[in-house]
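**Student:** Below you'll find the structure I mean.
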Amino acid sequence: MRFPLRAKFFLFATLIATAPLALVGQNLVRIARDELKSAANEDLTQVAAGIAADFDTTVHGHWLTPLLVIRNGIDDDALGVQQKVSLLTLGLAQIPGLVALQLTVEGSDLPILVTDQTFSRRLATEGLDPVDTLRTPAAEIEATLRDGQSGELVPRQLAATGDWLATVALPLKTQLAGRAVTLSAQLDLSSLADIVSGSPFVRRGEIEVVDASGRTVLEAKPRDLSGRAIVANAVPLIVTSARPEAIEGYVRPDGQAMLGAYAFPDSFPWAVVSELSEASAYAVVNHMLRNLLLVGLVGFGVAAAAALLFASRLTGPILKIGAVAARVGRGDLGARTGRTWRAGPAGGHLGARVGQTWRSRPAR
């Protein structure tokens, strides 16, 4: 099947008009995607590292430092028992998130315990005994000190309420009747959850905090995220001493393409994972691509119309000449293109203008 000449001219003219626009648009989109991916990766890393740093700041600045002040005060031999109990009550009122303070004497099951009244009432409305719930068992304190976890926060969840608490044990230098004394505290971790939910990043991405099993923490109903590639890569690093920040591109089990990063707080055996879908990361590029396609379609339409006009004007006479030449070839010497030409005085033969009717006259 022959490709018509007019169609050839039309296609050629259209390609000449639109090919440069397509090449330029492709390069712009590629450059923009690379730049946006770099910016998104940096943003993801900063978000994960920032949340981890905020966790550590809260733990050390808001909780551990004041608790150490209380411990040092209780260690002061100049204070009597009543003054030390008052110090516990004052500390409980002044430290945000502190819901229980306890003094435990080695070998005794009757610690001195003060609890936050608001939190205790909430536990009571859930049918829980505040004293039993917030008291740190002596065996747990001994295990914590034996494992070298003094001053470290040990998180746990109250299954009945969904609240997340952390226990910290601080041994005192002062002994009572020759027995070691330990100051322990129960901390409400809801402020850490507020740090995550209050991040501006959650309006366009996701922030998850997971433990060494790949389950979310700081949530009333933990979820298993171990099936996500980035979580699976971060979990083994939680228990190691070298825990570098990292960024990755991956696909979720549901097929959604994602960009992600993770970082690790020093205060907890957790990983902070920040995630952003590629669709969100490349939203600007996709908008640019849509605009380019719109401009390209308009340009293609204009170029096609111009090319069609150009092809029609250029090929029209050629096609007419070809048609007349074909008729002449078939013996139709009277074929013409619409004009009659007469040879000049010097002409003595049929002219060479194919498709036109020529009349020769003898030279005078």
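**Student:** Around Gly227, what is the net charge, scoring Lys/Arg as +1 and Asp/Glu as -1 over all other residues with Cβ under 11 Å from its Cβ? Kindly include the intermediate steps, with their values, before the conclusion.
**Tutor:** On the way: positive: Arg223, Arg228, Arg252; negative: Asp224, Asp254.
The answer is +1.
**Student:** With unit charges on the beta carbon (Lys/Arg positive, Asp/Glu negative), name the residue among Ala100, Leu88, Leu145 whose Cα is farthest towards the positive pole of the charge dipole of the stretch 76-187.
**Tutor:** Looking along the dipole axis, the top candidate is Leu88.
**Student:** Now, a different point. So for the pair Glu219, His62, with labels modelled 7 Å out along Cα→Cβ, what separation do we get in nm?
**Tutor:** That separation, rounded to one decimal, is 2.1 nm.
**Student:** Using the Cα centre of the stretch 37-188 as origin and beta-carbon charges of +1 (Lys, Arg) and -1 (Asp, Glu), tell me which of Ala52, Leu172, Leu64 is placed farthest towards the positive end of the dipole.
**Tutor:** So the residue furthest toward the plus end is Leu172.
**Student:** Please state the charge dipole magnitude for the stretch 76-187, taken about the Cα centre, from unit charges on C-beta atoms (+1 on K and R, -1 on D and E), reported in debye and rounded to the nearest 20. Don't skip to the answer; put the middle values down first.
**Tutor:** Numbers: 8 positive and 13 negative charges, 34 e Å.
The dipole magnitude comes to about 160 debye.
**Student:** Restricting attention to the stretch 178-265, which GluC sites (Glu not before Pro) occupy a DSSP loop and are surrounded by at most 10 other Cβ atoms within 10 Å?
**Tutor:** none
**Student:** Next question. Taking Cα atoms of the stretch 76-187, Rg/Rh with Kirkwood Rh, to two decimals?
**Tutor:** Rounded to two decimals, Rg/Rh equals 0.96.
**Student:** FRET efficiency for Asp254 and Ala78, Cβ-Cβ distance as r, R0 = 45 Å, nearest 0.05?
**Tutor:** Once the sixth-power term is evaluated, E becomes 0.10.
Throughout, read-outs are computed from the coordinates displayed, never taken from laboratory work. Predicted model only: the values in this text are computed from it and were never measured. Neighbour counts are summed over all protein chains in view; Cβ atoms, including those assigned to glycine, are modelled from backbone coordinates with ideal geometry.
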